[in-house]
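To keep things clear, I will list the structure first and then write my remarks on it.
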Amino acid sequence: MTEERITETETPTGNVHTTHTVVTDEGARKGGSGWLIALVLIVVAIVGFYLLSRQSDSEIARDNAVAEAAGQVGDAAQNVGEAARDAVDGK
């Protein structure tokens, strides 16, 4: 909203002085900083999700490797048991 104010004052000697004032009442203008902050938050969320998923994949691979190693240890123990049985039977 724009309002125009004209004020006239008269001096005791008869001179008239006019003051012209324009008042503009506009809402606060918003810059692009809100969009920039939102974009940064989205990028941070995507990077966080990516790193979390990579860590999860790493943990799964580690768990699979441990399970495979445990299986190999079990197979080796079975082979040792069979060798010991064969040694006893051969005597």
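The values are calculated or read from the model by the stated rules, or taken from the named source; none is laboratory data. Everything numeric here is computed off the predicted structure, so don't read it as measured data. Positions of Cβ are generated from backbone atoms using ideal geometry, with glycine treated the same way; all protein chains shown enter the neighbour counts.
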Exercise. Residues in segment 29-58 that are outside any helix (DSSP H, G or I) and surrounded by 10 or more Cβ atoms within 10 Å (Cβ to Cβ): how many?
Worked result: 0
For this session: List every residue pair whose Cβ atoms sit under 8 Å apart, with the two residues 6 or more apart in sequence or on different chains, where the first one lies in segment 10-22 and is free of Cβ contacts under 8 Å to residues at least 40 places away in the same chain and the second, anywhere, is among the polar types (S, T, N, Q) and not in a strand (DSSP E or B).
Result: 17/11
Exercise. Looking at this structure, is residue 26 modelled with pLDDT of 85 or more and either surrounded by 10 or more Cβ atoms within 10 Å (Cβ to Cβ) or acidic (Asp, Glu) (or both)?
Worked result: no
